[in-house]
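Let me begin by presenting the structure, written as structure tokens, before commenting on it.
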Amino acid sequence: MKFIAKIETQNLILRPYLNDDYRNWLSAFNNRYPSQNRFDKGKMDMSECTEEWFKSLVNDHQERAINDKEYIFGVFRKFDSNHIGFVDFSTLIRDNFQWARMGYTIHNQFWRKGYGEEAVTGAINFGFENLHYHRIEAHIDPANLPSIGLAKKVGMTFECIRNSFILESDRWIDQCVYYINKE
């Protein structure tokens with residue numbers, strides 16, 4: 001069994017990665033600009049990301065989706081098929097909650113073109129309609145103003161700051177919680 005999905009917006013296609021996406025995916029990472037802020041990794045060493053490594057990654061993504069743990073969508077521009085980023089959902093709990101966490105990344109060479117808002121809006125709609133989430137949250141570092149701005153633009157509401165919520169670089173950091181419900 002395979003998880004097959006396609007989210008189409010005006011300018012973008014979001015879908016699970018395929019093995020054939022390797023060169024396009026790698027090119028996007030290799031063409032990143034230097035880091036633009038402390039939340040942007042900028043150029044990265046991709047030497048360990050071989051085609052075999054990528055195939056394993058694609059298989060892992062498929063397994064996570066089939067098991068309803070995580071759904072990872074590559075974001076591709078329609079007019080040239082360039083890989084411009086990714087959006088992901090992690091299922092936090094189903095049962096009476098239908099609750100997920102969402103993450104998003106647009107490669108910095110594609111910033112300030114409206115792609116983030118378009119991709120996240122399309123993904124949220126898909127999360128509600130196709131993955132049957134009731135609540136979708138974004139957990140954002142309080143200092144990451146561009147990400148907070150995007151969450152607000154797509155209609156997410158600030159709920160709280162969860163103190164010492166996530167472990168990053170061997171330290172527990174606070175996270176702002178933004179959410180959107182299906183209705």
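The values are calculated or read from the model by the stated rules, or taken from the named source; none is laboratory data. Note that the structure is a prediction, hence the values are computed from the model and not measured. Using ideal geometry, Cβ is built from the backbone for each residue, glycine included, and neighbour counts are taken over all protein chains shown. Each accessible area value is taken on the protein alone, full model and side chains, heavy atoms only, with ligands, DNA and RNA left out. Shrake-Rupley method; radii C 1.70, N 1.55, O 1.52, S 1.80 Å.
Kindly establish whether Gly74 is closer than 19 Å to Asp141 by Cβ, crowded, with 16+ Cβ neighbours inside 10 Å, of a type in the set (Gly, Ala, Ser) and within 13 Å of the chain's Cα centre (by Cα). So Gly74 fails the test.
The single condition from (1) open to solvent by less than 50 Å² (accessible area, probe 1.4 Å); (2) assigned to a strand (DSSP E or B) that Trp172 fails is (1).
Kindly indicate the residue of region 149-169 that is among the aliphatic types (A, V, I, L, M) and without any contact (Cβ under 8 Å) to a residue 24 or more places away in the chain and also surrounded by the fewest Cβ atoms within 10 Å (Cβ to Cβ) among those meeting that condition. Only one residue fits best here, namely Leu167.
If you go through region 16-30 one residue at a time, do you hit one that is within 11 Å of Gln109 (Cα to Cα), more than 18 Å from the chain's Cα centre (by Cα) and without any contact (Cβ under 8 Å) to a residue 60 or more places away in the chain? Among the residues of region 16-30, at least one is within 11 Å of Gln109 (Cα to Cα), more than 18 Å from the chain's Cα centre (by Cα) and without any contact (Cβ under 8 Å) to a residue 60 or more places away in the chain, which makes the answer yes. Here the condition is being under 20 Å from Ile180 (Cβ atoms) and over 18 Å from the mean Cα position of the chain (by Cα); of Phe97, Phe79, it holds for Phe97 alone.
Any idea which residue in region 93-129 is surrounded by the fewest Cβ atoms within 10 Å (Cβ to Cβ), counting only those that are in contact (Cβ under 8 Å) with a residue 40 or more places away in the chain and of a type in the set (A, V, I, L, M)? Only one residue tops the list, namely Ile124. Can you confirm whether region 137-149 contains a residue that is assigned to a strand (DSSP E or B), over 17 Å from Phe39 (Cβ atoms) and within 16 Å of the chain's Cα centre (by Cα)? For region 137-149, residues assigned to a strand (DSSP E or B), over 17 Å from Phe39 (Cβ atoms) and within 16 Å of the chain's Cα centre (by Cα): present. When Lys6, Lys2, Lys55 are screened for being without any contact (Cβ under 8 Å) to a residue 60 or more places away in the chain, more than 17 Å from Ala119 (Cβ to Cβ), basic (Lys, Arg) and out of contact with any Asp or Glu (no Cβ under 9 Å at 6 or more places or on another chain), only Lys55 passes. A Cβ distance below 7 Å, combined with a sequence gap of six or more or placement on separate chains, defines the contacts here; from region 134-148, residues that are open to solvent by less than 40 Å² (accessible area, probe 1.4 Å) reach residues that are of a type in the set (Ser, Thr, Tyr) and not in a strand (DSSP E or B) in the pairs Ile140/Ser147.
Inspection of region 122-135 finds a residue satisfying the criterion of being aliphatic (A, V, I, L, M), within 12 Å of the chain's Cα centre (by Cα) and under 28 Å from Phe76 (Cα atoms). For region 20-62, the set of residues classified as out of contact with any Phe, Trp or Tyr (no Cβ under 9 Å at 6 or more places or on another chain) and within 24 Å of Asn130 (Cβ to Cβ) consists of Asp20, Asn59, Asp60, listed by residue number.
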